[in-house]
Amino acid sequence: MERVFLSSPHMSGNEQKYIQEAFDLNWIAPLGNNVDGFEKELSNYNSISHTAVLSSGTAAIHLALKLLGVEQGDTVFCSTLTFVATVNPVLYEKGTPVFIDSEPDTWNMSPDALKRAFVDAEQAGKLPKAVLVVNLYGQSAKMDEILAICDEYNVPVIEDAAESLGSEYKGQKSGTFGKFGIYSFNGNKIITTSGGGALVSNDEQAISKARFLSTQARDPALHYQHSEVGFNYRMSNIVAGIGRGQLEVLDERVAQKRAVFNRYYDAFKDITAFNFQPELEETKSNRWLTALTIDSKLTNVTPIEIIEALAEGNIEARPVWKPMHLQPLFEGSTYYSHEEGNSISDQLFENGLCLPSGSNMSVEDQDRVISIINTLLKK
Ligand SMILES: *Cc1c(COP(=O)(O)O)cnc(C)c1O
């Protein structure tokens, strides 16, 4: 049996055309028409003014923090339920992350926990430099509530939309709500350039500063002159060519991911122990990964058993991200749970499961997944 991955690259067939163009022009690196084109096309797709394409989503988060002036001693409020790449750049700048729990309606940052964190921060006379909000598995966080709180304290938002490119919140594209948004084109994301990322904003100066910082911060001089620390974070013209070919089929990929979700949903909708990640009203998730929780009071089957049974069939499935406040790396960090004594992300981690959700997964492969799970449930 061929391996079924959680979410594998899915090429459109048009990527080669853009790469060939770069070869024909001998514009292999660093910049060129594909970089410019990909930036314009991404801006258009997301209806945002400015986009800088970079070597990774992590690099985009790092530059956003840099542009907001995060430095040693500063705090940054971060969603706890995420991949570590959201938070690592805070450590690069020697900032201190403060972790905010999820709420049950979207699995994303709890406005209640965020509010309590702000009240405490204000009392202590030290507001965070930024709030880093994640849109988990494609589902937007409660942006209205979160932005209202951040506006009240005048603290900028960075939206980590690495998993939610193509998703919408009240008709607006995910990733365009904060001062900065970031996307990832890593191999497992909804579209991929093999590796890459983007930083977006409506602030033209900030994005042009990001391009400057991402190309070693060269001052305008014939000789090489530098006044501040730079990075080698720019996307190459070849990689951007892959991105252009992928962006053409993004909406198709969203439809395919949602179809995968719907097939799982239809197969398991009568299993009362299974609760799929909700899609908040007036939002559209790209359903990057189909995620669910399993209520241990209603079934003896655990997420780990399912993951192991699928692995025996050469199928990849995963638990939900382990929250950052539970990671050894962040031991001793400050954490605000959704309610006092009620941590939602702990429960999502304990009971959560991500099913293989590739946009290129065949119906037969998905039927295999469903039948392995059904066999376990009937035991
Ligand atoms: C993938 C991912 C990132 C990092 O993106 P890279 O391009 O791999 O650096 C950041 N945040 C989240 C939530 C992710 O899933």
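The values are calculated or read from the model by the stated rules, or taken from the named source; none is laboratory data. On a predicted model such as this, the values are computed, not experimentally measured, just so you know. Heads up, the Cβs are rebuilt from the backbone with ideal geometry, glycines too, and the neighbour counts pull from every protein chain shown. To get the accessible areas, we keep the full protein, side chains included, count just its heavy atoms, and leave off ligands, DNA and RNA. Shrake-Rupley method; radii C 1.70, N 1.55, O 1.52, S 1.80 Å.
Condition (residue is part of a loop (DSSP other than H, G, I, E, B) and among the aliphatic types (A, V, I, L, M)) applied to segment 168-189: is it met by at least one residue? Scanning segment 168-189 turns up no residue that is part of a loop (DSSP other than H, G, I, E, B) and among the aliphatic types (A, V, I, L, M). Here segment 113-129 is the region considered, the condition is being free of Cβ contacts under 8 Å to residues at least 12 places away in the same chain and among the small types (Gly, Ala, Ser), and the residue that is farthest from the ligand (Cβ to nearest atom) is Gly125. Criterion first (open to solvent by 10 Å² or more (accessible area, probe 1.4 Å) and farther than 30 Å from Leu6 by Cα) does Lys179 satisfy it? For Lys179, the condition - open to solvent by 10 Å² or more (accessible area, probe 1.4 Å) and farther than 30 Å from Leu6 by Cα - is met.
Quick one: would you say Ser47 is in contact (Cβ under 8 Å) with a residue 12 or more places away in the chain, polar (S, T, N, Q), more than 15 Å from the ligand (Cβ to nearest atom) and at positive phi? Yes: the conditions hold for Ser47. Out of all the residues in segment 69-94, which are more than 12 Å from the ligand (Cβ to nearest atom) and surrounded by fewer than 19 Cβ atoms within 10 Å (Cβ to Cβ)? Matches in segment 69-94: Gly69, Glu71, Gln72, Gly73, Leu91, Tyr92, Glu93, Lys94.
The requirement of being assigned to a helix (DSSP H, G or I) and either within 16 Å of the ligand (Cβ to nearest atom) or over 25 Å from Lys173 (Cβ atoms) (or both) is satisfied by Lys66.
Applying the criterion of being open to solvent by 40 Å² or more (accessible area, probe 1.4 Å) and in contact (Cβ under 8 Å) with a residue 60 or more places away in the chain to the residues of segment 338-370, the residue that is nearest to Lys322 (Cα to Cα) is Phe349.
Assess whether Pro111 counts as being in contact with a Lys or Arg (Cβ under 7 Å, 6 or more places away or on another chain) and open to solvent by 10 Å² or more (accessible area, probe 1.4 Å).
Answer is yes for this residue.
Listed by first and then second residue, the pairs with beta-carbon distance under 8 Å, at least 6 apart or on different chains, first residue in segment 85-112 and free of Cβ contacts under 8 Å to residues at least 40 places away in the same chain, second among the basic types (Lys, Arg), are Glu93/Lys66; Gly95/Lys129; Asn108/Lys142; Met109/Lys142; Pro111/Lys142. Within segment 311-328, residues that are farther than 15 Å from Leu348 by Cα reach partners that are assigned to a loop (DSSP other than H, G, I, E, B) and open to solvent by 60 Å² or more (accessible area, probe 1.4 Å) with beta carbons closer than 6 Å, at six or more positions or on different chains, in the pairs Asn314/Met1; Asn314/Arg3; Glu316/Phe5. If you take the residues in segment 212-238 that are in contact (Cβ under 8 Å) with a residue 40 or more places away in the chain and farther than 16 Å from Leu199 by Cα, which one is least open to solvent (accessible area, probe 1.4 Å)? If we take residues in segment 212-238 being in contact (Cβ under 8 Å) with a residue 40 or more places away in the chain and farther than 16 Å from Leu199 by Cα, then Asn237 is least open to solvent (accessible area, probe 1.4 Å). Taken over segment 163-176, the criterion of being away from the ligand (no atom under 11 Å from the Cβ) and open to solvent by less than 20 Å² (accessible area, probe 1.4 Å) is satisfied by Gly166, Ser167, Tyr169, Ser174, Gly175, Thr176.
Across segment 257-302, the number of residues qualifying as surrounded by 13 or more Cβ atoms within 10 Å (Cβ to Cβ), without any contact (Cβ under 8 Å) to a residue 24 or more places away in the chain and within 21 Å of the chain's Cα centre (by Cα) comes to 2.
Right, Ser194: open to solvent by 10 Å² or more (accessible area, probe 1.4 Å), among the hydroxyl-bearing types (Ser, Thr, Tyr) and out of contact with any strand residue (DSSP E or B) (no Cβ under 7 Å at 6 or more places or on another chain) or not? Taking the combined requirement at face value, the residue satisfies it. The residues of segment 21-40 that are assigned to a helix (DSSP H, G or I), in contact (Cβ under 8 Å) with a residue 12 or more places away in the chain and not small (Gly, Ala, Ser), listed by number, are Glu21, Asn33, Asn34, Val35, Phe38, Glu39. Residues in segment 1-44 that are of a type in the set (Asp, Glu) and open to solvent by 40 Å² or more (accessible area, probe 1.4 Å): Glu2, Glu21, Asp24, Asp36, Glu41.
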